1. Based on the alpha-carbon gyration tensor of the stretch 92-170 and its eigenvalue square roots a ≥ b ≥ c, which shape applies: rounded if a/c is under 1.5, prolate if not and a/b is larger than b/c, or oblate?
2. If you average 1/r across every pair of different Cα atoms in the stretch 60-118 and take the reciprocal, what Kirkwood value do you get, in Å?
3. Based on DSSP, what percent of beta bridges with both residues in the chain are antiparallel, to the nearest 5?
4. Using the Cα centre of the stretch 68-170 as the reference point, and only Cβ charges (+1 on K/R, -1 on D/E), how large is the resulting charge dipole? Debye, rounded to the nearest 20.
5. Could you derive backbone 3J(HN,Hα) for the stretch 74-87 from the dihedral phi with the Karplus parameters 6.51, -1.76 and 1.60 (θ = phi - 60°), listing whole Hz in sequence and x where the residue is Gly or Pro?
6. Using a basic spin-label model with each label point 7 Å from the Cα along Cα→Cβ, how many nm lie between residue 22 and residue 143?
7. Determine the share of the chain's accessible area contributed by carbon and sulfur atoms, expressed in whole percent, with a 1.4 angstrom probe.
8. How much accessible area per residue does the chain have, in Å², with a 1.4 Å probe?
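The values are calculated or read from the model by the stated rules, or taken from the named source; none is laboratory data. Here the structure is a predicted model, which is why all the values come from computation and not from measurement. Neighbour counts are summed over all protein chains in view; Cβ atoms, including those assigned to glycine, are modelled from backbone coordinates with ideal geometry. Ligands, DNA and RNA are excluded from the accessible area calculation, which covers all protein heavy atoms including side chains. Shrake-Rupley method; radii C 1.70, N 1.55, O 1.52, S 1.80 Å.
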Amino acid sequence: MTRMSNINGYKIESGAYLCGADLCGADLRGADLCGADLCEASLCEADLSGADLHRADLHEADLRGANLRGADLSEADLCGADLSEADLCGADLCGADLRGAIGILVVGPIGSRKGFVYAVEHGDTYICQVGCQWFSLDEFAQQVTNVNGDNKHGRDYQNVIAFLRAMEVS
């Protein structure tokens, strides 16, 4: 039996203490969790699409399979969090601390803007956030060719893509 909580759009007090909470499968679409303490919380399969998790403490949180589409994770603490199979398309990871996070690879600073590439496991491959956009590996490779061609930055990005392709799960 799957437990489900529906807190769709509900504003939780800024900085709420939910450390270790079992919110597996919860409907938290659009929830205001800015600054919330969700350390070690179980959020597997939770729907956090469009949620405000800016500066939230999610270290060691279980986010396996969570829907984080369009979520604001900027400046969030995701150290050691499990992001395996999480949907991060359109999520804002700017300034997020991802040290030791599972299911995500961060490369950078890279490119002319000295930004970061966030590569997230997605099925048997990776999807990548570069700047504010998300790409499949094929789309990312095409974007690099279109924007950078064969210049130094283009070659650096192509090396990242080659590495990710070599790491794809079979």
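1. Because a/c hits 1.5 or more and a/b fails to exceed b/c, the stretch 92-170 counts as oblate.
2. One decimal place: 11.6 Å for the Kirkwood radius.
3. Counting only bridges with both partners in the chain, antiparallel ones make up about 50 percent.
4. For the stretch 68-170, the charge dipole is close to 500 debye.
5. Here the 3J(HN,Hα) series is 4, 6, 6, 8, 10, 4, x, 5, 9, 9, 4, 6, 6, 8 Hz.
6. 3.9
7. So the carbon and sulfur contribution to the accessible surface is 49 percent.
8. 50
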